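Below is a structure I'd like to ask you about.
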Amino acid sequence: MSPPRPRPRQPLAQRMIDALRRRPLDAAAALAVLIMAAWIAPGLMRWAIIDATWTGETKAACTEGGACWAIVTSRWRQVLAGFYPKDHLWRVAAAALVLLAGVAPLLRRRTSGLALATAPAAVLLAYGVMEGAGVLPRAPTDYWGGFFLNLFIGLGASIFALPLGIALALGRTSRLPVVKGLCVAFIEVIRGSPLIVLLFAAAVVAPLFTPAGMTLDKLTRAMIVIILFEAAYMAEAVRGGLAGVPAGQVEAARALGLDRWRTLVFVVLPQALRIATPALVNSFIGLFKDTTLIYVIGVLDITGVLRNAVTDFAWQGLETEAYVFVAAVFWVFCFGLSRWSASLERRLSIPGKSA
Amino acid sequence: MGLQACGDPGSAVDEPPPLAAGVEGAPTAQPGQAPAAGQTLRAVKARGYLLCGVHQGLLGFAYADNNGRWRGFDVDFCRATAAAVLGDGNAVRFIPTSSTDRFSALQSGEVDVLWRNTSGTFSRDATLNLAGVNYYDGQGFMAPRASGVRSAKDLDGARICIQTGSTNELNLTDWFRAHGLRYQPVVFDTEDKARSAYDREQCDALTADMSNLAAARVAMKRPDDHVLLPEIISKEPLGPVVRHGDDQWTDVVRWTLNATILAEELGITSQNLQAQRQSQSPEVRRLLGAEGGLGRMIGLQDDWAVKVIATSGNYGEIFERNLGAQTPLKLARGLNAPWNGAPSGLLFAAPMR
């Protein structure tokens with residue numbers, strides 16, 4: 001039997017009216033949302049764009065009734081790079097490019113495997129460029145800040161958390177009770193604690209226990225905590241992926257004579273990670289937004305820099321602009337990521353198999 | 001390899017000290033293991049700049065300007081400390097610290113000193129060293145001018161907005177009980193929320209430390225429509241904090257503060273400093289290192305106080321520049337006036353001799 005032929009498409013307006021007539025409740029809700037949007041949008045546009053002030057050195061330059069983005073533009077260096085020395089800003093730009101280049105292979109299906117090597121290398125290289133690594137003048141991590149820091153922590157932590165998360169997920173399915181127990185305990189303890197508490201522990205408690213002379217700076221400690229935190233969440237995403245691989249795949253691989261490791265690496269993991277991709281991207285987006293939490297340990301990321309800006313007499317009282325700007329920046333990045341993830345899902349989906 | 005130092009000492013460099021290979025970080029101390037006396041001073045001199053722990057952003061006290069240069073009341077004391085030790089008020093790196101991690105940053109050696117709006121208390125002094133008080137604060141009240149409330153005693157039965165979990169809450173309970181008055185607390189988990197609730201007239205008064213109330217008042221749509229009530233119901237002595245055990249460094253920080261206080265008492269300002277160096281007054285001469293050789297006793301140059309005053313000015317100048325009537329905060333000197341001033345306050349530094 002052939003599939004039913006699609007009905008000829010009616011004009012959009014006709015279809016909308018039909019849809020609304022069939023579901024009066026939906027129609028009412030849609031109407032309410034439209035009215036609200038129409039009510040808010042003009043005022044918002046007027047405030048954020050039409051009446052807004054874009055440049056200026058103090059809030060005296062701001063016009064009444066409009067947003068004052070001068071608070072952002074007048075200190076764009078801090079917003080992007082924190083208090084990194086002015087003469088060395090090229091290093092921040094270079095490090096950011098390196099980071100993005102490192103994950104770029106993920107954009108093409110053919111090259112995505114390369115990211116396994118390029119992404120961690122990019123994080124280390126970016127760290128080296130920023131820190132100096134003995135070649136450039138040293139700029140320890142307490143010079144870092146601004147949006148670069150959000151980017152570095154978000155990307156860096158995810159990249160290093162993924163292998164750890166995979167290991168934890170595999171450990172959780174292990175037949176060895178000790179391995180399994182340790183992995184379960186780790187995952188559950190970390191997932192059971194808020195990130196902010198773990199960050200406090202890293203900032204406040206950890207330095208009291210490290211031996212003298214072996215001090216890890218604040219950002220490194222925070223980074224380690226974020227990696228562990230993210231790994232626990234990624235482990236659960238990967239576990240879901242592992243569970244989604246049909247048992248027949250493993251049996252077929254064994255029947256072909258593949259040993260356990262080859263079965264895992266060439267048959268199970270590629271499929272598991274494909275299934276887990278949406279969940280992994282999801283947890284990355286969550287992590288990226290959580291990077292603003294490092295404010296609580298005294299590190300000035302993009303949020304911190306703008307919170308600091310509104311304590312300058314010159315900009316005092318512009319909290320709304322500061323927070324709206326940060327929200328917009330994160331929205332752009334996170335929305336972009338989720339669109340990318342959706343397209344990735346489509347490309348990775350196996351033809352003929354409904355996900 | 002390192003970068004060459006840019007700019008001559010004292011010039012307004014809008015940058016932190018140049019990056020350099022070499023020693024980083026302050027000496028660290030294990031819990032329960034005090035740093036040896038003199039260790040911090042040696043480390044700061046060897047490093048060439050001071051690591052100063054400041055607030056992440058507090059109106060009037062610590063903030064960065066458009067060019068990334070740190071400014072504020074506490075920041076000026078950081079620069080003064082750097083000037084005392086290194087002769088250069090720009091030889092500082094400002095390390096923002098949160099209220100939670102400030103003490104561990106100090107103990108682990110991420111900073112040499114905290115000039116960070118920190119209330120001195122017994123238990124803090126027991127584990128760290130309080131090196132003086134640079135701002136005598138206390139909890140107070142703000143009320144709308146139109147309400148006619150002119151004293152906290154007029155607040156019987158009032159709704160009072162407050163941040164929960166702070167010592168402010170306990171002080172409030174104590175004070176109202178002691179005065180046999182009733183009130184209705186309206187609590188919020190952050191200061192910002194308490195402030196905006198007051199702004200929306202969800203309560204009749206707002207309580208917090210006076211310096212915070214002054215900042216809150218500036219944030220109101222019409223600051224002049226609000227009054228700070230005269231009653232101060234608690235003691236919050238804000239001052240610098242250093243690690244326990246390095247007495248020499250404690251002295252350096254304490255006397256940096258004292259030098260600014262003494263300079264105001266003696267009428268020495270950043271403007272008349274050069275003239276005052278010719279002064280015949282023995283007190284002035286001892287402070288400015290013309291005689292007595294006192295600086296060497298705490299490991300500094302004889303002219304350390306000259307550098308302090310040249311960098312930040314005397315206490316009064318630092319106060320007026322950042323908090324005083326010329327600033328939007330418009331804080332009165334109040335308790336932070338010299339003991340012999342008119343009106344008098346609590347600033348009373350031990351004499352130089």
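Coordinate-derived values only; no laboratory data. In this text, all values refer to a predicted model and were calculated from it rather than measured experimentally. Please note: Cβ atoms are built from the backbone with ideal geometry, for glycine as well, and neighbour counts cover all protein chains shown.
Compute the distance from the alpha-carbon center of region A:231-277 to that of region B:56-128, in whole Å.
53 Å
Same structure, new question: If I build a Gaussian network model for chain B, linking alpha-carbon pairs within less than 10 angstrom, which residue out of B:Ala178, B:Ala305, B:Ala152 has the largest mean-square fluctuation?
Highest fluctuation among the options: B:Ala178.
Please compute the Kirkwood hydrodynamic radius of region A:211-355 from all pairs of different C-alpha atoms, in Å with one decimal.
That comes to 18.8 Å for region A:211-355.
Per residue of chain B, what 222 nm ellipticity follows from adding -39500 (n - 2.57) for every DSSP H run with n ≥ 4, rounded to the nearest 500?
Here the helix-only value at 222 nm equals -9000 deg cm²/dmol.
Can you give me the Kirkwood hydrodynamic radius for chain B, using every pair of distinct Cα atoms, in Å to one decimal?
The answer is 21.4 Å.
Give me B:Cys78, B:Cys203, A:Cys68 sorted ascending by neighbouring Cβ count inside 10 Å, so fewest comes first.
In increasing order of surrounding Cβ atoms, one gets B:Cys203, A:Cys68, B:Cys78.
For chain B, what does the relative contact order come out to in percent, with C-alpha contacts under 8 Å and a separation of six or more?
Averaging sequence separation for qualifying contacts and normalising by length gives 20 percent for chain B.
When the label point is put 7 Å from the Cα of B:Ser151 along its Cα-to-beta-carbon vector, which residues of region B:166-181 have a backbone N closer than 17 Å?
B:175-181
Right, something else. Measuring from a point 7 Å past the Cα of A:Arg175 along Cα-to-C-beta, which residues in region A:223-251 have an amide N at less than 15 Å?
Backbone N within reach: A:251.
Still on this structure, I have one more. Using the number of other C-beta atoms within 10 angstrom as an exposure proxy, rank B:Val85, A:Val72 with the fewest first.
Ascending Cβ contact count within 10 Å gives the list A:Val72, B:Val85.
Run a plain Debye calculation on the protein assembly as shown (Cα atoms as equal point scatterers, no solvent) and give log10 I(q)/I(0) at q = 0.06, 0.08 Å⁻¹, rounded to two decimals, same order as the q list.
After summing over all Cα pairs, the log10 values are -0.45, -0.76.
Something else about it: Output wanted: per-residue J couplings in Hz (rounded whole) for region A:274-286, from phi through Karplus 6.51 cos²θ - 1.76 cosθ + 1.60, θ = phi - 60°, x for Gly and Pro.
The phi angles translate into 4, 5, 7, 3, x, 5, 5, 4, 4, 6, 5, 4, x Hz.
Calculate, in nm to one decimal, what A:Leu20 and A:Ser112 gain on full extension: separation in residues at 0.36 nm each, minus their alpha carbon distance.
In short, 28.7 nm is gained.
Which links in B:Lys193/B:Lys221; B:Lys221/B:Lys330; A:Lys59/A:Lys289; A:Lys289/B:Lys221 stretch past 20 Å when you go from one Cα to the other?
Cα-Cα > 20 Å for A:Lys59/A:Lys289; A:Lys289/B:Lys221; rest within.
A further question on this structure: Non-local amide H neighbours of B:Val186 (under 5 Å, H modeled in plane, Pro and chain starts lacking H): which ones?
Distant-sequence amide H within range of B:Val186: B:Ile160, B:Cys161, B:Ile162.
May I ask you to derive the FRET efficiency for B:Gln301 and B:Phe348 from their Cβ-Cβ distance with R0 = 25 Å, giving the value to the nearest 0.05?
E between B:Gln301 and B:Phe348, to the nearest 0.05, is 0.45.
Evaluate the relative contact order of region A:166-309 (contact order divided by residue number), counting alpha-carbon pairs under 8 angstrom at least 6 apart; express in whole percent.
Relative contact order comes out at 24 percent.
Now, a different point. Largest first and in whole Å, what are the equivalent-ellipsoid semi-axes of chain A based on the Cα gyration tensor, each being the root of 5 times an eigenvalue?
Ellipsoid semi-axes (Å, largest first): 39, 35, 19.
Roughly how big is chain B's charge dipole about its Cα centre, with Cβ charges of +1 (Lys, Arg) and -1 (Asp, Glu), in debye to the nearest 20?
Using only the charged Cβ atoms, the result is roughly 200 debye.
Please list, short to long, the whole-number percent of alpha-carbon pairs of region A:47-93 in consecutive 10 angstrom bins beginning at zero.
With a bin width of 10 Å, the distribution comes to 29, 37, 24, 10.
Under the rule a/c < 1.5 gives rounded, and otherwise a/b versus b/c splits prolate from oblate, where does region A:268-341 land using the Cα gyration tensor?
Cα axes put region A:268-341 in the prolate bin.
Using the charge dipole of the protein assembly as shown (Lys, Arg: +1 at Cβ; Asp, Glu: -1 at Cβ; taken about the Cα centre), state which of B:Ala64, A:Thr58, A:Ala93 has its Cα farthest towards the positive end.
The residue sitting most towards the positive pole is A:Ala93.
Among B:Thr118, B:Thr127, what is the fewest-to-most ranking by other Cβ atoms within 10 Å?
Result, fewest neighbours first: B:Thr127, B:Thr118.
Output the relative contact order of chain A, whole-number percent, from Cα pairs under 8 angstrom with separation of 6+ residues.
17 percent
Can you give the angle from 0 to 90° between the axis of helix B:210-219 and the longest principal axis of chain B, with both taken from C-alpha atoms, to the nearest 10?
70 degrees
Using the Kirkwood radius over C-alpha pairs as Rh, can you work out the diffusion coefficient of region B:160-238 via Stokes-Einstein at 37 °C, viscosity 0.692 mPa s, in µm² per second?
Result for D is 254 µm²/s.
Residue by residue through region A:289-295, which ³J(HN,Hα) values in whole Hz follow from phi under the Karplus form 6.51 cos²θ - 1.76 cosθ + 1.60 (θ = phi - 60°), with glycine and proline marked x?
3J(HN,Hα) across region A:289-295, in whole Hz: 5, 5, 4, 5, 5, 5, 4.
Quick one: compute a quarter of the convex hull surface over the Cα atoms of region A:84-213 and quote it in nm².
11.1 nm²
Ok, one more. Between A:Asp301, A:Asp312, A:Asp290, which gets the highest mean-square fluctuation from a Gaussian network model of chain A, Cα cutoff 10 Å?
Highest fluctuation of the listed residues: A:Asp312.
Which residue fluctuates the most in chain B, going by a Gaussian network model with Cα springs under 10 Å, if the choices are B:Leu266, B:Leu238, B:Leu86?
With Cα springs under 10 Å in chain B, the top fluctuation among B:Leu266, B:Leu238, B:Leu86 is at B:Leu266.
Here is a follow-up. For B:Arg42 and B:Asn272, calculate 0.36 nm times their separation in residues minus their Cα-Cα distance, and state this gained length in nm to one decimal.
Full extension of this stretch gives 79.6 nm more.
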